[in-house]
Amino acid sequence: MTPAEAPRIVDNDPRLAPGGLDEERRRLEHTWRSPSGLIGWLSEVDHKAIGRRFIVTAFAFFVLAGLLAALMRIQLARPDNTFLNPDLYNQVFTMHGTTMMFLFAVPVVLAMGVYFVPLMVGARGIALPRLLAYSYWMFLFGGLFLYVMFLANVGPDNGWFSYPPLAGPEFGYGKRADVWAQLITFTEVSSLVVATCLICTILKMRTPGMSLNRMPLFVWAMLVVSFMVMFAMPAVMISSTCLILDRLMSTHFFNQAEGGDPLLWQHLFWFFGHPEVYIIFVPALGMMSEIIGTCSRRPVFGYLVMVLSMIATAFIGFGVWVHHMFATGLPQLGQSFFTAASIMIVVPTSLQIFGWIATVWTARRLAITVPFLYAASFFFVFVIGGLSGVMLASVPLDRQVHDTYFVVAHFHYVLIGGSTFPLLGAVVYWFPKMTGRMMGQWLGRLSFWLLFAGFNLTFFPMHLLGLYGMPRRVYTYPASMGWGSMNLLATIGAGVIFLSLLVFLVNVITSLRAGAVAESNPWGGSTLEWATSSPPPPYNFLPQPTVASREPLWHPELASPPVVGLESEKRQVLVTAVLDAEPDHRYKVPGPSLWPLATAMATTLMFIWSIFQAMGLVWGAIPTFVCLVGWFWPTRGKERLAASPPTRLTLRESLS
Amino acid sequence: MPHLQSIIHPAGIQAARVSHLWWVMFWICAVVWAAVAVTAMVAIARGRRGSSTATDAQMARSVTVAGGLSVAALLGLLFQSIVTGRALDTLRSPDALRIQVTGNQWWWDVQYEHAVPSRRVTTANEIHIPVGRAIRFDLLSTDVIHSLWIPSLQGKIDLVPGRLNELWLRADEPGIYRGQCAEYCGLQHAKMALVVVAEPPDDFERWLTANRAPASPPTTPEQQRGRDIFERGPCAMCHTIAGTSAGGRSAPDLTHLGSRSTIGAGTLPNTKGYLAGWIADPQHIKPGNRMPPTGLNGEELQAVLAYLETLK
Amino acid sequence: MPVARLTVALAALCLAGAAPAGCEREARRYQELPASANRETGVRVGALEPGMPQQQAEVRSPYQDNAWGMGEGKRLYAAYNCAPCHGVNGGGAIGPPLIDDKWIYGARADQIYATISQGRPDGMPSFGGHITTQQIWQLVAYVQSMSGQVKATSAPSRNDDQMAALPESRQSKQVPVQTGHR
Amino acid sequence: MSAGSPARALDVSMLPIHAFGHRSLMWWATMCMVAIEATAFALAITSYLYLKGRVPHWPVGAPTPRLLWGTVNVVILVVSAWPNLMARKAAERFDLSGVRLWMAVALVFALGFNIVRFLEFGQLQVRWDTNAYGSVTWFLLGLHTAHVLTDFLDSSVLTAVMFCGIVDANRFVDVSENAVYWNFVVLSWLPIYAVIYLAPRFV
């Protein structure tokens, strides 16, 4: 940019005088407000509203999957139980896994990013807001599609991993496997889009002063995760497409008799499936850092180590997929490499844990708040899962416990202990920012301790069940095996979990109604989301802050001048440079529109149609294309250029 | 809990090695967990008082030490694992007994290899092995992926269509061990079990010769009638009984059914009562399995039972 | 909250559409014998008067549009050695093909049932006493799917073995003609 | 924070309201798209080689695909990089008529490519449902076709917009990003061409 265009520091800028700010606020309110009414609700593009919807919807699916789990626990509570028939049980456990992975865990962590990343980087909004809206609708329609099909007895019944040949054309009768494969397409589109929005926001819209090494750790986590999504999801995109083609168009990717290979599926699926676990896990690491830092009232110990270990986890996470296939009889040589990788991936995580403990150790009067309880439980619960993970990395031991309840215990300790606990902590932590009210302390502690107890009661016995030989995915077991008592214990624990989540829900509702009103920074946090009101205005900040340190709110002495000069008549955001966040140019992000919804509907039509008739893909593509054109077509009212080619100068004038 | 299928109550060399590995890993991990938990508690207690005077430099040092320790522990585990893996491979030997196990939805077809095809022994859902001799299982599948798992003797290996996998094990204590399919294989994955009988070598040889013989002909008229029903009725469409005209291949071989301890792939004990219930309405006991309700009347059923009982 | 109302409405709408189709196609009816199976269709067709059934109501196989039933039928087709005579994919061998439009003894469900259960001259054995009514009906539905007589969305797809012909789900619908001879 | 001295401000009102290349949001969004698609292509190619590695000789049960049309398409694509480059240059000059001209030319190339592509499928000499070789070959070619087809469609929409003259600076940015994406489509074709047509012959 030419010197004439460079940003400049202005003293006594009238735009920051009280009067100027009120004037600005009025205009921003008008420019950024969401249209009212149902139409307005459907055309919403504000990242906070979409993020909230994502979170609420994801938790709704969480509840559904939880209820399915309850059904399974009832069925397994005693031997030879006939509460669920095998056909239904198989659908139920498949739905449970699929929902938890694709409709809860991944969407909800990405959604936390969607809501908070723009706030934490001090941006007016998110990049590509309409695309974000589209991704929400795709997620919602995908989820509805799955559950409608389930209620219509077309629920997937091949497990969340859908191994051919069982899920293939010959043995996967009916449309159940197609439904599963197409749900994957829905969620994949959705999360790839969110990843793109987050990457663009994080790299190009950080407020001036927030160089990469000043980014909050949660933002780092979301950046890492977005990249993981980008490189992991295509694998399942490819494999689920091949599966559908095998089933509908009689291709032979997984048909060994015609040169295909069932194991090709397993390689592709786990090349996605294992990173998937870290996609769920890494954001939780970011949340842990935010909560622990704030509660310890000091910066998290070892910022650089934290960042590097998240990146390392992401990288190694792509090199361990074969440890899901140790029992398939692959050559030994390869296996030991994957054992080593799977064991070494523990190192970065353990460094982070030690870093957090160090942070707590040297805290300035640690505040044992509810969010901290959730974060602290990570040390006790997740670590168990991590260690049993190390055991599973060993080929000989894995070949004994693979596909037993030992593994079920392991990954619930990892995913619930490593992701859901921090997530719930983050929900309590950011609840005041999202709603303007604090969550109830007493109920909060109650639900935490109930969850903690219930969780261990449910899943710890499963280690033993595994060691005593109980396989996964069995709808019942004979009394002679003696697994009854442990299973009963687990079922009771599940009841306690159910109770705790009920308390959590009650707490949310009562707090929304009558919770203590939260000021802008109730926990004394250090990052920018606490610099704006609770809940934030549609335009996030007035004026947009800039930063001169990693913990701007803890260093008032390092004041840095706020941003002025963004046009408040347009939804204008400040685009900055990737590394040092130097102001680069101003960019108008699009406002509310119905096109994302329309396009999502058209895409949904195409996806669903295509699993019943191959031509559905072609016919369904037409409305999709039409919607995209409508979406892309520029709105009138902009200055039309004369047919004669304008010179650069005149154009520039006509534009600014 | 009973040890029918327990990983930590091994009855063979392979399982014993793995069980040993388990205990090593368990204790190391237990210590690590306790260390982390205690440190975390102390940290929380100190953090609450905000009393810690430790500088970040000191903290950095302890974090580095902790990191170093965990790397050391991990390397130890890796080493243990590789050593065990090596040891497991040493069982392979040319004079092993070869048994071919074929997975079907939802039962196991078992064949004892022999150079002379007619001297092969075919049975189902029950494997007899001699104690103290290396066994090599050749694993195949006719439909989907299954996994053969006999926890007391050895870890699992999948039965993958179009591939030939091997499983090597050795039983060191005579006894009856239970195995089960460990890879989700559809509707009745839960009821796809098998029984492994480890017996002294000469007992085993006796069993093998007994099972080479075709079915003994019926003696009483009722048994006679039972065989006729079996051959002419629905049974023979799927089941084989060597020495009769029943040659169906899509269900377990029943030539020596009487000598087996379970029916329905380890679902029920093989007693006359259960067998009657099974033949009358298999779909009630194991919903969705491939044996249809036969619709025999009481008298026919009794005859068939009487005949099946003779198949020792 | 428009959200909830909208979602519920949407779900209800989809469900109304999906449920009937889905349930019919996907039901696994292994436990009970379908009621209609019990009516023994007394079709007697001798060699002299081929394809002349008594006048009676049209009978559909209870597995007509049931994916599971037809899948089982396809499995039984192999298990009960139909392939050696009629061809692996019904292309025909020493027995008549089943994927074409020609039907010697009639293409109606009850006629196919009779053919399977009673057998036909020139080599078609009688399966009547040997396999259950339920399985015969499953075979009937499968045989109909071979010439595209059933909904493509519930017909079986290709097998995991050598690709001999188009799978049933991609067979074009043949208009049956009753020839009475090969 | 503004806490320190309330009246001090960072005035950005002079900043331009658009930027080209890696400075623009759109460029990064496009790059994310490229990364995703590239990963998909890479995995599809890996699957091809995986299946190839499992059989003694390749292609299985079919003659090797004929070279002609595929090679023609290599030429078309590589040459088509030129009009796209020109369109991009014109866009960065805000030269509307130049953009119109070169995008139209680029469109002709894209159209030609798509037509030849359909001849290509005929020349594979194998059906997708013949065996795994046929399946994976059709899959690779289909995957790439999906990209050229969609890119052809959205380029034509963009061209239409430019001709309707509903244009502001960001439309010019779109034009330049569109050219960037086309380059990706060109580049991705070369390895896929190599795998489909050369691997069965020489590897």
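The values are calculated or read from the model by the stated rules, or taken from the named source; none is laboratory data. Everything quoted here is computed from the prediction, not taken from an experiment. Every residue, glycine as well, gets a Cβ built from its backbone with ideal geometry; the counts of neighbours run over all protein chains shown.
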> In the stretch A:137-147, how many are surrounded by 24 or more Cβ atoms within 10 Å (Cβ to Cβ) and either facing another protein chain (nearest Cβ under 7 Å) or not in a helix (DSSP H, G or I) (or both)?
Replying inline: 0
> Pairs under 7 Å by beta carbon, first residue within 7 Å of chain A (Cβ to nearest Cβ) in the stretch B:17-46, partner aromatic (Phe, Trp, Tyr), six or more apart or different chains?
Replying inline: B:Val36/A:Phe379; B:Ala37/A:Phe379; B:Ala37/A:Phe380; B:Ala40/A:Phe379; B:Ala43/A:Trp361; B:Arg46/A:Trp361
> Could you give every pair whose Cβ atoms fall below 7 Å, whose first residue belongs to the stretch A:167-185 and is touching a residue at least 60 places away in the same chain (Cβ under 8 Å) and over 20 Å from A:Gly142 (Cβ atoms), and whose second residue is of a type in the set (D, E, K, R) and assigned to a loop (DSSP other than H, G, I, E, B), counting only separations of at least 6 or pairs across chains?
Replying inline: A:Gly168/C:Asp160; A:Pro169/C:Arg158
>> Quick check on A:Ala577: is it over 25 Å from A:Phe372 (Cβ atoms), out of contact with any strand residue (DSSP E or B) (no Cβ under 8 Å at 6 or more places or on another chain) and aliphatic (A, V, I, L, M)?
In response: no
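Does A:Phe504 satisfy the condition of being in contact with a Ser or Thr (Cβ under 7 Å, 6 or more places away or on another chain), assigned to a helix (DSSP H, G or I) and crowded, with 18+ Cβ neighbours inside 10 Å?
yes
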> Restricting attention to the stretch C:132-153, does a residue exist that is surrounded by fewer than 23 Cβ atoms within 10 Å (Cβ to Cβ), modelled with pLDDT under 90 and on the phi > 0 side of the Ramachandran plot?
Replying inline: no
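Output the residues belonging to the stretch A:27-56 that are among the small types (Gly, Ala, Ser), under 21 Å from A:Leu144 (Cβ atoms) and in contact with a helix residue (DSSP H, G or I) (Cβ under 8 Å, 6 or more places away or on another chain).
At the first step, the residues of the stretch A:27-56 found to be among the small types (Gly, Ala, Ser) are A:34, A:36-37, A:40, A:43, A:49, A:51.
Now drop any that are not under 21 Å from A:Leu144 (Cβ atoms), which leaves A:43, A:49, A:51.
The answer is A:Ser43, A:Gly51.
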> Which of the residues belonging to the stretch A:578-595 are without any contact (Cβ under 8 Å) to a residue 60 or more places away in the chain and touching a helix residue (DSSP H, G or I) at 6+ places or on another chain (Cβ under 8 Å)?
Replying inline: A:Tyr587, A:Lys588
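Within the stretch A:7-29, which residues are of a type in the set (Asp, Glu), modelled with pLDDT of 90 or more and crowded, with 16+ Cβ neighbours inside 10 Å?
Here is the first cut: in the stretch A:7-29, the ones of a type in the set (Asp, Glu) are A:11, A:13, A:22-24, A:29.
Keeping just the survivors that are modelled with pLDDT of 90 or more gives A:22-24, A:29.
Correct list: A:Glu24 only.
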> For residues in the stretch A:518-553 being more than 25 Å from the chain's Cα centre (by Cα), of a type in the set (A, V, I, L, M, F, W, C) and crowded, with 18+ Cβ neighbours inside 10 Å, which is farthest from the other protein chains (Cβ to nearest Cβ)?
Replying inline: A:Ala518
>> Tell me yes or no: at least one residue of the stretch D:138-149 is under 30 Å from C:Pro167 (Cβ atoms), surrounded by 17 or more Cβ atoms within 10 Å (Cβ to Cβ), among the aliphatic types (A, V, I, L, M) and within 12 Å of chain A (Cβ to nearest Cβ).
In response: yes
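Regarding B:Arg86, is this residue basic (Lys, Arg), within 30 Å of B:Met25 (Cβ to Cβ) and at the interface with another protein chain (Cβ under 10 Å from one of its Cβ atoms)? Reasoning before the result, please.
Numbers: basic (Lys, Arg): yes; within 30 Å of B:Met25 (Cβ to Cβ): yes; at the interface with another protein chain (Cβ under 10 Å from one of its Cβ atoms): yes.
So B:Arg86 fits the description; yes.
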> Within the stretch A:533-580, how many residues turn out to be of a type in the set (Val, Ile, Thr), under 22 Å from A:Asp11 (Cβ atoms) and part of a loop (DSSP other than H, G, I, E, B)?
Replying inline: 2
>> Considering only residues that are in contact (Cβ under 8 Å) with a residue 12 or more places away in the chain and either among the aliphatic types (A, V, I, L, M) or surrounded by 21 or more Cβ atoms within 10 Å (Cβ to Cβ) (or both), which ones fall in the stretch C:90-105?
In response: C:Gly90, C:Ile94, C:Pro96, C:Leu98, C:Ile99, C:Trp103, C:Ile104, C:Tyr105
> Would you pick out the residues in the stretch B:208-235 that are out of contact with any Asp or Glu (no Cβ under 9 Å at 6 or more places or on another chain), surrounded by fewer than 20 Cβ atoms within 10 Å (Cβ to Cβ) and part of a helix (DSSP H, G or I)?
Replying inline: B:Leu208, B:Thr209, B:Ala210, B:Asn211, B:Arg212, B:Pro221, B:Glu222, B:Gln224, B:Asp228, B:Glu231, B:Arg232
> Restricted to the stretch A:326-340, and to residues that are surrounded by fewer than 19 Cβ atoms within 10 Å (Cβ to Cβ) and among the hydrophobic types (A, V, I, L, M, F, W, C), which residue is nearest to the other protein chains (Cβ to nearest Cβ)?
Replying inline: A:Ala340
> Can you name every residue in the stretch B:105-120 that is touching a residue at least 12 places away in the same chain (Cβ under 8 Å) and surrounded by fewer than 22 Cβ atoms within 10 Å (Cβ to Cβ)?
Replying inline: B:Asp109, B:Val110, B:Gln111, B:Tyr112, B:Glu113, B:Arg119
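Here's a check for you: in the stretch A:165-214, which residue that is assigned to a helix (DSSP H, G or I) and hydroxyl-bearing (Ser, Thr, Tyr) is nearest to A:Ala559 (Cα to Cα)? I'd like the intermediate steps shown before the answer.
Step one: list which residues in the stretch A:165-214 are assigned to a helix (DSSP H, G or I), which gives A:176-204, A:212-214.
Next, from what is left, pick out any that are hydroxyl-bearing (Ser, Thr, Tyr): A:185, A:187, A:190-191, A:196, A:201.
Working: A:Thr185: 47, A:Thr187: 43, A:Ser190: 39, A:Ser191: 37, A:Thr196: 32, A:Thr201: 24 Å.
The selected residue is A:Thr201.
Say whether the condition of being within 14 Å of chain D (Cβ to nearest Cβ), in contact with a Phe, Trp or Tyr (Cβ under 8 Å, 6 or more places away or on another chain) and among the basic types (Lys, Arg) is met by at least one residue in the stretch A:199-212. So that I can check it myself, show each step before the final result.
To start, the set of residues in the stretch A:199-212 that are within 14 Å of chain D (Cβ to nearest Cβ) comprises A:199-210.
Checking the rest, the ones that are also in contact with a Phe, Trp or Tyr (Cβ under 8 Å, 6 or more places away or on another chain) come to A:199-200, A:203-204.
Those still in the list that are among the basic types (Lys, Arg) too: A:204.
Taking every residue of the stretch A:199-212 in turn, at least one turns out to be within 14 Å of chain D (Cβ to nearest Cβ), in contact with a Phe, Trp or Tyr (Cβ under 8 Å, 6 or more places away or on another chain) and among the basic types (Lys, Arg).
Pull up the stretch A:29-43, narrow it to residues that are touching a residue at least 40 places away in the same chain (Cβ under 8 Å) and either farther than 17 Å from A:Arg53 by Cα or not hydrophobic (A, V, I, L, M, F, W, C) (or both), then point me to the one that is farthest from the other protein chains (Cβ to nearest Cβ). Don't jump to the end; show me each part of the working.
Initial filter on the stretch A:29-43 (touching a residue at least 40 places away in the same chain (Cβ under 8 Å)): A:29, A:31-35, A:39-40, A:42-43.
Filter once more, so that each one left must be either farther than 17 Å from A:Arg53 by Cα or not hydrophobic (A, V, I, L, M, F, W, C) (or both): A:29, A:31-35, A:40, A:43.
Working: A:Glu29: 19, A:Thr31: 15, A:Trp32: 17, A:Arg33: 17, A:Ser34: 13, A:Pro35: 13, A:Gly40: 10, A:Ser43: 12 Å.
Across the stretch A:29-43, the extreme among qualifying residues is A:Glu29.
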> Restricted to the stretch D:106-133, and to residues that are among the charged types (D, E, K, R) and within 14 Å of chain A (Cβ to nearest Cβ), which residue is surrounded by the fewest Cβ atoms within 10 Å (Cβ to Cβ)?
Replying inline: D:Arg127
>> If A:Glu519 meets every condition in (1) free of Cβ contacts under 8 Å to residues at least 40 places away in the same chain; (2) touching a strand residue (DSSP E or B) at 6+ places or on another chain (Cβ under 9 Å); (3) more than 25 Å from A:Leu212 (Cβ to Cβ) apart from one, which number is that one?
In response: (2)
> Restricting to the stretch A:234-267, what's the tally of residues that are at the interface with another protein chain (Cβ under 7 Å from one of its Cβ atoms) and within 22 Å of the chain's Cα centre (by Cα)?
Replying inline: 4
> Which residue pairs have Cβ atoms closer than 8 Å, lie 6 or more positions apart in sequence or on different chains, and pair a first residue in the stretch D:25-54 that is at the interface with chain A (Cβ under 7 Å from one of its Cβ atoms) with a second residue that is among the basic types (Lys, Arg)?
Replying inline: D:Leu25/A:Lys204; D:Trp28/A:Lys204
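Could we say that A:Phe354 is surrounded by 21 or more Cβ atoms within 10 Å (Cβ to Cβ) and without any contact (Cβ under 8 Å) to a residue 12 or more places away in the chain here? Walk me through how you get there before you give the answer.
Details: surrounded by 21 or more Cβ atoms within 10 Å (Cβ to Cβ): yes; without any contact (Cβ under 8 Å) to a residue 12 or more places away in the chain: yes.
In short, yes.
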